[in-house]
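J.: Next up is a structure, given as C-alpha cells.
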Amino acid sequence: MSLLREAEKCITNQRSHAALNAFITTVQNSGPWREQVRDAELRRESGKSKSKVDGRLIAFKDNICTRDFPTTCASGILAKFTSPFNATVVEQLSEAGAIIAGKTNLDEFGMGSHSLNSWFGPVKNQRQYQEGRILSAGGSSGGSAVSVATDQCYAALGTDTGGSVRLPAAYTGTVGFKPSYGLVSRWGVVAYANSLDTVGILAKNTSRARDVFRIVNRHDPRDPTNLSPRSRSRITSHLQQPALLSRMASSPLRIGVPIEYNISELSPSVRRAWALSIAFLKEQGHTIHAVSLPTTKLALSAYYVLAPAEASSNLAKYDGIRYGSRSDGPDSGGQPDSYLYAKSRGDGFGPEVKRRILLGAFSLSADAINNYFIQAQRVRRLVQCDFNTVFRAEQPMAPSRQRVDAELKSKQAEVDVLICPTAPSCPPRLADLVETDSIFSSLKAYTNDVFTVPASLAGLPAASVPVSVGCRDGGSRDADLAGIQIIGQYGDDELVLKVSEILEGKNF
C-alpha cells in the first residue's frame with residue numbers, strides 16, 4: 001500500500017470511529033499532511049526515506065506539547081492552551097518524516113486507569129459486548145491505544161507513570177512498550193510525577209514499536225532526567241559482556257515467573273493466557289524459573305503515595321495566573337488572588353485530579369511526610385532490590401555500594417526477563433465503572449495497576465503484548481484477548497522487545 005493511501009485510510013478511520021472519542025484534536029482540518037505524505041512517497045521511491053516512519057501518521061497523547069495543535073491534558077484548566085514549542089519526541093519524529101495524526105484523549109493529566117476522567121468525555125474501547133455495551137479502553141493513554149487498534153494512525157505515543165501505556169494496550173489488543181526510565185526525553189511532556197513519567201509507544205506490533213523507539217531513544221540535554229551519552233555507553237558496554245550478549249542470538253532465555261503475581265483476583269481467562277504463554281516459551285526451548293519479588297505487595301501502596309505527592313507539586317502552577325484558564329468572578333474579602341486561585345482550580349480540575357492533589361498535599365505535610373512519603377521511598381528502593389536480585393544482568397547504573405549481595409542473589413534463579421499478566425482481568429464495562437460510588441470506584445481502579453506499578457517504581461523496561469486464549473469471559477466478544485507483560489532489567493529494552501515479538505498475537 002502506498003503511503004498516501006495508508007494516510008488517507010487513517011483519516012477515514014478517524015471519521016468513522018469518531019464515536020470512540022480517541023482523539024481530542026485531529027489532523028483532518030489542519031496542516032499540509034497530504035503534501036508531506038507525497039514528499040515522503042517521492043523519497044521512498046528514490047531510496048532516500050528518512051526513516052521507517054517517514055510519511056506515516058503518528059498520534060500523540062494530549063499531554064505532549066505540540067506547536068500546531070492544542071495541548072489540553074484533557075483538562076478544563078488547559079482547554080484553551082496551545083504550546084509555543086514542540087516536545088523533543090515530537091521534534092525527533094518530525095525530523096524522521098513522521099506526520100502528526102492528532103492529539104489523543106486521556107485521563108485528565110494522566111490520572112486514571114480507564115480514560116474516564118477527561119474534560120472531553122470518556123474513551124470507548126473498540127471491543128464491545130455482544131449487546132453493544134461499551135468496555136473500558138484502559139488509562140490513561142486510552143485514546144492512543146484505541147487510535148492504534150482502529151488504524152486511525154500508524155503508531156501512537158503515550159505516557160506511562162504506573163502502567164498508563166501497558167494497561168490500555170492489554171485492554172485494546174495492541175502492543176504497549178514502556179522504555180527504561182531516562183532513555184526517552186520528557187522535555188515538553190506535561191509532568192504528572194517526574195520520577196515515574198516515561199514516554200511510551202503503542203503500536204499494532206512490536207516491529208513498529210521498535211522503529212519508533214529507535215528514533216526517540218536519544219540524549220536530550222534539555223531534559224535533566226534524560227540519560228547522558230556517557231551513561232548510555234555504560235549501559236551498552238555492560239550488555240555487551242559475553243555472558244549477556246548471547247541472549248540476543250538464538251540461545252535459550254531464562255524466563256522468570258513471579259510467584260507473588262499469582263493472586264486470587266486473577267480472572268480465569270487472564271490466568272489461562274499467562275499459563276499458556278509460559279508453556280509456549282518453554283516449547284521454544286527457553287527455561288522457566290519461579291522467582292520471588294516479596295515487596296510486590298507493597299508497591300501499589302507506595303506508588304499511590306509517591307505519584308500524588310509529585311502531582312501535588314507539579315500542578316501547583318495551574319492557578320489561573322501563571323498557567324491555566326482563569327475563571328471569572330468578583331473579588332472576595334479584599335483577597336482577589338486567593339479567590340481567583342480557588343475558583344480557577346475548582347472549576348478547571350476534575351474530581352480525580354483534586355483527589356490526588358489533596359492526597360499528595362497530605363503525604364507531604366509536616367505531620368505525615370515521615371510516615372508516608374519517606375516510607376514509600378524506602379519501599380521503592382526495596383522493590384528495585386527485589387528486581388536486581390532476580391535478574392541475571394546487574395543494574396548497570398547502580399553504584400557499587402548498592403549492588404545486590406551475592407549470597408542473597410544466589411538464593412534466586414537468575415533470569416533474563418519476567419513474564420506476568422498486564423492486568424488482573426479483562427476490560428470492565430464503562431457503565432459498571434460510573435454507576436458505583438466515586439470513591440469506591442477510584443480505589444477499585446487503583447488496583448488495576450497492581451502488575452504494572454512495580455516496573456514503574458524500579459524504572460524498568462516493560463511491554464504488554466496481546467495473546468488469545470480462545471475462550472469467552474462473561475459473554476463478551478473478544479474477551480479471549482489478554483495482555484501479557486514482559487519486564488527486563490534496566491537498559492535491557494531490546495531484549496524485552498525481542499521476547500515481545502516472540503509472544504505477540506499468539507492464539508492458544
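The values are calculated or read from the model by the stated rules, or taken from the named source; none is laboratory data. As the structure is a computational prediction, the values presented were derived from the model and not from experiment. Don't worry about glycine lacking a Cβ; one is built from the backbone with ideal geometry, like all the others, and counts go over all protein chains shown. Note: areas computed on protein heavy atoms with side chains; ligands, DNA, RNA excluded. Shrake-Rupley method; radii C 1.70, N 1.55, O 1.52, S 1.80 Å.
J.: Of these, K9, K80, K61, K48, which one is over 30 Å from G112 (Cα atoms), in contact (Cβ under 8 Å) with a residue 60 or more places away in the chain and of a type outside the set (V, I, T)? Break it down into steps so the answer makes sense when it comes.
T.: Numbers: K80 fails: over 30 Å from G112 (Cα atoms); K61 fails: over 30 Å from G112 (Cα atoms); K48 fails: in contact (Cβ under 8 Å) with a residue 60 or more places away in the chain.
From the options K9, K80, K61, K48, the qualifying one is K9.
J.: Which is within 24 Å of the chain's Cα centre (by Cα) and of a type in the set (F, W, Y), of F362, F373?
T.: Numbers: F362 fails: within 24 Å of the chain's Cα centre (by Cα).
None of the other options fit; the residue is F373.
J.: Tally up the residues in the range 351-378 that are open to solvent by 30 Å² or more (accessible area, probe 1.4 Å) and either closer than 20 Å to F109 by Cβ or of a type outside the set (D, E, K, R) (or both), please.
T.: Initially, the range 351-378 is screened for residues open to solvent by 30 Å² or more (accessible area, probe 1.4 Å), giving 351, 354-355, 358-359, 361-362, 364-367, 369-375, 377-378.
Checking which are either closer than 20 Å to F109 by Cβ or of a type outside the set (D, E, K, R) (or both) leaves us with 351, 354-355, 358-359, 361-362, 364-366, 369-375, 377.
The total comes to 18.
J.: Looking at the range 212-228, which of its residues are buried (at least 19 other Cβ atoms within 10 Å of the Cβ) and over 12 Å from Y181 (Cα atoms)? Steps first, please.
T.: First, the residues of the range 212-228 that are buried (at least 19 other Cβ atoms within 10 Å of the Cβ): 212-213, 215-216, 220, 226-227.
Once the filter is applied, which keeps residues that are buried (at least 19 other Cβ atoms within 10 Å of the Cβ) and over 12 Å from Y181 (Cα atoms), the range 212-228 yields V212, F213, I215, V216, D220.
J.: Residues being over 20 Å from W119 (Cα atoms) and part of a loop (DSSP other than H, G, I, E, B): count how many of those fall in the range 140-160.
T.: 5
J.: Given the structure, is S231 assigned to a helix (DSSP H, G or I), open to solvent by 20 Å² or more (accessible area, probe 1.4 Å) and among the small types (G, A, S)? Don't jump to the end; show me each part of the working.
T.: Working: assigned to a helix (DSSP H, G or I): yes; open to solvent by 20 Å² or more (accessible area, probe 1.4 Å): yes; among the small types (G, A, S): yes.
Here the answer is yes, as S231 does meet what is asked.
J.: For the range 118-137, which positions are in a loop (DSSP other than H, G, I, E, B) and modelled with pLDDT under 95? Working first, answer last.
T.: Start the filter on the range 118-137 by keeping residues that are in a loop (DSSP other than H, G, I, E, B), which leaves 118-123, 130-133, 137.
Once the filter is applied, which keeps residues that are in a loop (DSSP other than H, G, I, E, B) and modelled with pLDDT under 95, the range 118-137 yields Q130, E131, G132, R133.
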